[in-house]
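The values are calculated or read from the model by the stated rules, or taken from the named source; none is laboratory data. Note that the coordinates shown come from a computational prediction; the quantities given were computed from them, not determined experimentally. We place every Cβ from the backbone using ideal geometry, glycine too, and count neighbours over all the protein chains shown. To get the accessible areas, we keep the full protein, side chains included, count just its heavy atoms, and leave off ligands, DNA and RNA. Shrake-Rupley method; radii C 1.70, N 1.55, O 1.52, S 1.80 Å.
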Amino acid sequence: MSYTITIAKAAEDDIREAFLWYESQKEFLGNSFETHVTSAIENILDNPLKFQIRYGNTRIFFLKKFSYGIHFNVNQNNILIVAVFHTSRDSGNWKNK
């Protein structure tokens, strides 16, 4: 099955915030984070249903090098990325955005 993907504004903001923080820590570290996020999104697109439902209808893909989870929902052939959270944060907080 072919899927389409949408990234919610809140998730875009999460990615941008993390990128800027990593870039402030070390030059090009933000770029590395962005590369890992892009690769994760490609993995999600390949087979979104292989990722465990963690709460409600939301699945999470955990990045390997960075301590972030990409929170997403699947509805038929549509994927919506709702948040990108550091694993130390409460994943339920994306609902407050």
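A few points about this structure:
- Here the strands (runs of 3 or more DSSP E) wholly within region 24-89 that include at least 2 residues being under 12 Å from the mean Cα position of the chain (by Cα) and within 17 Å of Ile5 (Cα to Cα) are 58-62, 68-75, 78-86.
This table checks each residue for (1) touching a residue at least 24 places away in the same chain (Cβ under 8 Å); (2) of a type in the set (Ser, Thr, Tyr); (3) over 17 Å from Val82 (Cβ atoms); (4) touching a His at 6+ places or on another chain (Cβ under 6 Å).
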{"position": "Met1", "(1), (2), (3), (4)": "yes, no, yes, no"}
{"position": "Ile5", "(1), (2), (3), (4)": "yes, no, no, no"}
{"position": "Lys9", "(1), (2), (3), (4)": "no, no, no, no"}
{"position": "Leu20", "(1), (2), (3), (4)": "no, no, yes, no"}
{"position": "Ser24", "(1), (2), (3), (4)": "no, yes, yes, no"}
{"position": "Ile44", "(1), (2), (3), (4)": "yes, no, no, no"}
{"position": "Arg54", "(1), (2), (3), (4)": "yes, no, no, no"}
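- Residue match in region 78-89 (condition: of a type in the set (D, E, K, R), at pLDDT below 95 and surrounded by 13 or more Cβ atoms within 10 Å (Cβ to Cβ)): yes
- Whichever residue in region 56-73 is over 10 Å from Val84 (Cβ atoms) and of a type outside the set (A, V, I, L, M, F, W, C) and, among such residues, is least open to solvent (accessible area, probe 1.4 Å): Thr58
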